[in-house]
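Read through the structure below, which is laid out as structure tokens, and then see the notes.
Just so it is clear, none of the values below were taken in a lab; they were calculated from the coordinates. Remember, it's a predicted structure, so these values are computed and weren't measured experimentally. So basically every Cβ, Gly included, is an ideal-geometry build from the backbone, and we count neighbours across all protein chains shown.
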Amino acid sequence: MKSAQLFLFAALSLPFSGFAATGLFDQFVIINTGSQTYYDIGASTGNPDFQGSDLGTFNPGTGSTLSLGGQGKSFKNNSSDVTGMQLQYRIWQGTESGAFTPFSYAFQLNIGGGGDQQWGSDVAGSNGTAFYTPGNLLSGLANGNYTLEVFSQINTNGVNTGNPEFNNAGAANFEATFSVVPEPSRAMLGLIGLTGLLFRRRRA
């Protein structure tokens, strides 16, 4: 499936790349849970696809953490300039809601001499250390199932190009899911309470 997607992307992009002034390609989101996993968002590599992924089950009571990073490439020509790249993200439950939060990448390196550049929050190019979204994205989340929705974008000088420009799956964005489970102390209190209630009923 990925090879077909890569072929389709290449087939669609080749005729227009010479005319487009700026754009994004090879986009990844990094899920940081203490270890880092790269997911494809608008790329076709050996990494798992972010779209439709189950990121797992988290228990904040046992120290589970979740933060995001990313990496991507941009191109520019025809007097246009790319001035920055961002990951936009939001977390919602049930129905799509809430504003997106921007997370800015650092410039990492020039690729060749044709205007291609790499941006990211991982250790690459000019980044000596990796950085991620601040805090723990699980903080304040009640138990249940959630959707993490993301897209990436570039900011440009607006010369012969749009500003901003997006990698957003045709405005549908990229979505993955995860679950938050009860803290052990709360689960244990609930079990003790239920046991006590059953015991009282049996005595009555």
(message) Output wanted: per-residue J couplings in Hz (rounded whole) for the range 20-32, from phi through Karplus 6.51 cos²θ - 1.76 cosθ + 1.60, θ = phi - 60°, x for Gly and Pro.
(response) 5, 7, 9, x, 10, 7, 6, 9, 9, 10, 10, 9, 10
(message) Under the rule of at least 5 residues apart or a separate chain, name every residue whose amide H is placed under 5 Å from the amide H of residue 70.
(response) 30, 121, 122
(request) Given the peptides 38-45, 52-59, arrange them by the average over their residues of other C-beta atoms within 10 Å, most packed first. (result) 38-45, 52-59
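What FRET efficiency do you get for residue 159 and residue 47 if R0 is 22 Å and r is their Cβ-Cβ distance, rounded to the nearest 0.05? The partial results should precede the final answer.
Values: r = 33 Å, r/R0 = 1.51.
Rounded to the nearest 0.05, the efficiency is 0.10.
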(request) Mind giving me the nanometre distance, one decimal, between the label points for residue 109 and residue 172, set 7 Å out from Cα along Cα→Cβ? (result) 3.4 nm
(message) What does the charge count around residue 27 come to, taking other residues whose C-beta lies under 10 Å from its C-beta (Lys +1, Arg +1, Asp -1, Glu -1)?
(response) -1
(request) Could you go through the range 158-170 in sequence order and give the Karplus-derived ³J(HN,Hα) for each residue, using 6.51 cos²θ - 1.76 cosθ + 1.60 with θ = phi - 60°, rounded to whole Hz, and x for Gly and Pro? (result) x, 8, 6, 7, x, 8, x, 10, 10, 10, 9, 6, x
(request) Would you calculate the separation in nanometres between label points at residue 90 and residue 179, each defined as 7 Å from the Cα along the Cα-to-beta-carbon direction? (result) 2.6 nm
